[in-house]
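What follows draws every value from the coordinates through simple rules; no lab data is involved. Just so it is clear, the model here is predicted, and its values are computed rather than measured. Glycine gets a Cβ as well: all are built from the backbone with ideal geometry, and neighbour counts include every protein chain shown.
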Amino acid sequence: MNANRRTEPFRYTLIEPATLDLHILTINGIPVPPKPVSAILLEISRSGCRLSFPLNVNPESNHVRVGMEMLLTEEPMYIEGTLKWNKEHEGSYQYGIQLDIPEAERDRLPSMLRRLAGEGKIVVR
């Protein structure tokens, strides 16, 4: 019998990366004036995502909270999270974000990911 020993959620790569508005909410607990930054969503899972945008925020030295409005299906989904890492890539910066999804919304993201996989818009990585 082959037992599934996976301890992390599946990560999905978007076939066509999606553009979204990212809002930096706080840096080190200090609110930031609201100004959206255009970001590109590259990968997503139930617990995090990887995206790219042109600012170097340096999450290794700063605690950065972000919010983003995702429109991957017909209904938008607003998610907040914390920047965990970044790396420079082709003149921009890629970031790993740990998502903080409220308990009431926990089933919505996996359902959306299953729908997108069924439509061939994302692939398991």
(request) Starting from the Cα of K84, step 7 Å toward the Cβ, then list every residue of segment 32-61 with an amide N under 16 Å from that point. (result) 42-52, 59-61
(request) Can you pull the one-decimal nm distance between simple spin-label points at S38 and L25, each 7 Å off the Cα toward Cβ? (result) 2.5
(request) Enumerate the aspartates and glutamates that K121 could reach by cross-link, defined here as Cα to Cα under 19 Å, with residues fewer than 8 away along the same chain left out. (result) E16, E43, E69, E74, E75
(request) Treat each spin label as a single point 7 Å out from the Cα along the C-beta direction, and report the S47 to A117 distance in nm. (result) 1.6
(request) Classify segment 59-125 as rounded, prolate or oblate from the Cα gyration tensor: take a ≥ b ≥ c as the square roots of its eigenvalues, call it rounded if a/c is under 1.5, otherwise prolate when a/b beats b/c and oblate if not. (result) oblate
